[in-house]
Amino acid sequence: MPAVLRGLYAVTDTALLADGKLLPWVDAALAGGARLVQYRDKSDDQARRLEEAAALKTLCSYYGAHLIINDDLALAAELEVGLHLGRGDGSLKEARRVLGRDAIIGATCHASPAFAEESAAAGASYLAFGRFFQSVTKPGAPGATPALLEQVRRRFSLPLVAIGGVTLHNAPQLIGAGADLLAVVNGLFGAPSAAEVERRARGFTELFNAY
């Protein structure tokens, strides 16, 4: 596990990154300073998912960043990369056993310190809370607040991830409340061009450098 998990956490979206955008736009996010990339694809096309994830691993390696697979332990194990588990998407203890002690394994905690306690005890590398703002990607997720983030910051030493409607405009209050990583989907990839993705990524990276 890396000594520091901090900065922009780019999360892919199949709709936003369709039509050949996945690799060039993730490349742009990495060029702008993204430290983690989560490959999130819920389709059943295993061959394509393996091909895309392998290509993303190569990109991340080039930039010294880390690839995280969403909710697919077998794919994460095959590529020897990290894993993110949502609530009810598998055993974190089992994932730790399979991937080893050095793998980055994240856990969704929604707005629940109790979930966070369970995840930390099971071996999570980071704890993800959200949604904090109106989210295009997860409109029904339980709401979290900066005050909650401050509370769990005092309680846990693990890196904290804030997700849900994060933009360059509202990001500073999340970093100020204790977020180590900002997981961004639409606020990063909902852009008209790869150049704009890189500009946004640099903006997020500069915010972290300011704190």
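What the table below lists for this structure:
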{"read-out": "Cα-centre dipole for the chain with unit charges at Cβ (Lys and Arg positive, Asp and Glu negative), debye to 20", "value": "600 debye"}
{"read-out": "The stretch 149-202 - charge dipole about Cα centre, Lys and Arg +1 at Cβ, Asp and Glu -1, debye rounded to 20", "value": "140 debye"}
{"read-out": "Where Cα atoms sit under 20 Å apart: lysine pairs in the chain separated by 8 or more or lying on different chains", "value": "4"}
{"read-out": "Surface accessible to a 1.4 Å probe, per residue, for the residues of the chain, Å²", "value": "45 Å²"}
{"read-out": "Placed amide H near Gly7: partners under 5 Å, 5+ positions off or other chain", "value": "Leu181, Leu182"}
{"read-out": "All-pairs alpha carbon distance profile, the chain, 10 Å steps from 0, percent", "value": "9, 38, 40, 13, 0"}
{"read-out": "Average Cα contact separation per residue, the chain, under 8 Å, 6 or more apart, as relative contact order %", "value": "23 percent"}
{"read-out": "q = 0.09, 0.17, 0.18 Å⁻¹, the stretch 94-211: log10 I(q)/I(0) [Debye, one scatterer per Cα]", "value": "-0.25, -0.85, -0.94"}
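The values are calculated or read from the model by the stated rules, or taken from the named source; none is laboratory data. Note that the structure is a prediction, hence the values are computed from the model and not measured. Cβ: placed from backbone, ideal geometry, glycine included. Neighbour counts: every protein chain shown. We work out accessible area using only protein heavy atoms, side chains counted, and drop any ligands, DNA or RNA first. Shrake-Rupley method; radii C 1.70, N 1.55, O 1.52, S 1.80 Å.
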